[in-house]
Amino acid sequence: MLKLTKDQIAKKTKLLTRMEAAKNDLQASFDEANAFVEETRDTMQSFFDEKSENWQEGDKGQQYQDWINSWESIIIEDIDGIEEFENLPDSPE
């Protein structure tokens, strides 16, 4: 084979178009997830900051701070970030 056939070129083009659309959808999902993480983390931090110093330094406060910290390091940039996002805890442990 010296070059792709017209059918192969058409299929390649069709697949590329689908992959570009999927890439754009995936990037939009990453952006939305990152915004969600940031908003949620800010809400958590505000809740924590409104509590008394005694509560913050107690066991519940420390558990809550650990929960906030687990959300601090998440930035979803690629497919590997999906698992990190999935594993974010839903509550302090």
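The values are calculated or read from the model by the stated rules, or taken from the named source; none is laboratory data. Computed from a predicted model, the values in this text were never measured in an experiment. Don't worry about glycine lacking a Cβ; one is built from the backbone with ideal geometry, like all the others, and counts go over all protein chains shown.
Below is a table of values for the structure above.
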item: In segment 48-65, the residues that are in contact (Cβ under 8 Å) with a residue 24 or more places away in the chain and either closer than 30 Å to GLU77 by Cβ or under 24 Å from the mean Cα position of the chain (by Cα) (or both); result: GLN63, TYR64
item: Hits in segment 9-47 - residues which are within 30 Å of GLN65 (Cβ to Cβ), free of Cβ contacts under 8 Å to residues at least 12 places away in the same chain and among the aliphatic types (A, V, I, L, M); result: ALA35
item: Residue check for LYS23: surrounded by fewer than 13 Cβ atoms within 10 Å (Cβ to Cβ), at pLDDT 95 or above and either in a helix (DSSP H, G or I) or touching a helix residue (DSSP H, G or I) at 6+ places or on another chain (Cβ under 8 Å) (or both); result: no
